[in-house]
């Protein structure tokens with residue numbers, strides 16, 4: 001796993017961060033609009049799979065085009081960079097959905113799905129930052145804080161937009 005992260009750190013960070021941000025942005029927007037938790041599952045799962053595939057295919061074509069344009073000898077397979085992006089997007093990007101999936105089958109977090117999702121998402125951002133800091137040899141605390149801050153801003157924007165649109169559409 002460490003070797004994978006060393007070889008594909010940009011793809012891991014890009015996929016994991018974007019997957020987590022976009023999934024939690026959907027959750028925050030739905031929560032801000034006061035919509036049903038079922039909508040979170042429909043939009044969240046659709047986002048994780050479709051957007052993850054979209055990013056992976058974009059990464060594949062981008063890496064392949066870069067190698068063809070520059071004439072460099074490939075150090076990374078376009079397919080492997082795409083798989084790194086897709087897997088980190090889907091795995092880490094699914095973390096914000098955990099509380100909603102659990103609540104669909106159990107009452108353990110019923111009514112608190114958004115708060116639990118926010119906490120789990122924060123932990124995912126911290127994890128991404130920790131990995132980034134460790135692999136790059138920089139401060140793990142600073143990298144985690146920076147990643148958490150960027151993710152929190154995106155979540156706040158999505159929540160506020162959801163709340164504003166809910167008010168306009170009601």
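The values are calculated or read from the model by the stated rules, or taken from the named source; none is laboratory data. Only a predicted model underlies this, so the values are computations on that prediction, with no experimental measurement involved. Note that we place each Cβ from the backbone using ideal geometry, even for glycine, and neighbour counts take in every protein chain shown.
List of remarks:
- Checking 44, 29 one by one, the residue that is assigned to a helix (DSSP H, G or I), modelled with pLDDT of 90 or more and under 30 Å from residue 165 (Cβ atoms) is 44 and no other.
- The condition of being crowded, with 16+ Cβ neighbours inside 10 Å and either more than 19 Å from the chain's Cα centre (by Cα) or part of a helix (DSSP H, G or I) (or both) does not hold for residue 161.
- Close pairs (9 angstrom Cβ cut-off, 6 or more residues apart or separate chains): under 12 Å from residue 58 (Cα atoms) in the stretch 70-84, assigned to a loop (DSSP other than H, G, I, E, B) and modelled with pLDDT under 90 anywhere: 81/8; 83/8; 83/77
- Residues of the stretch 135-151 satisfying the condition of being part of a helix (DSSP H, G or I), within 22 Å of residue 3 (Cβ to Cβ) and out of contact with any helix residue (DSSP H, G or I) (no Cβ under 6 Å at 6 or more places or on another chain): 136
- Which numbered condition residue 11 fails, given (1) over 21 Å from residue 98 (Cβ atoms); (2) in a helix (DSSP H, G or I); (3) over 13 Å from the mean Cα position of the chain (by Cα): (3)
- Candidates in the stretch 60-86 are the residues that are closer than 16 Å to residue 11 by Cα and not in a helix (DSSP H, G or I); of these, the one that is modelled with the highest pLDDT is 77.
- Note on the stretch 102-149: residues that are surrounded by 15 or more Cβ atoms within 10 Å (Cβ to Cβ) and within 14 Å of the chain's Cα centre (by Cα) amount to 13.
- Within the stretch 102-116, the set of residues being touching a helix residue (DSSP H, G or I) at 6+ places or on another chain (Cβ under 7 Å) and assigned to a helix (DSSP H, G or I) comprises 103, 104, 113, 114, 116.
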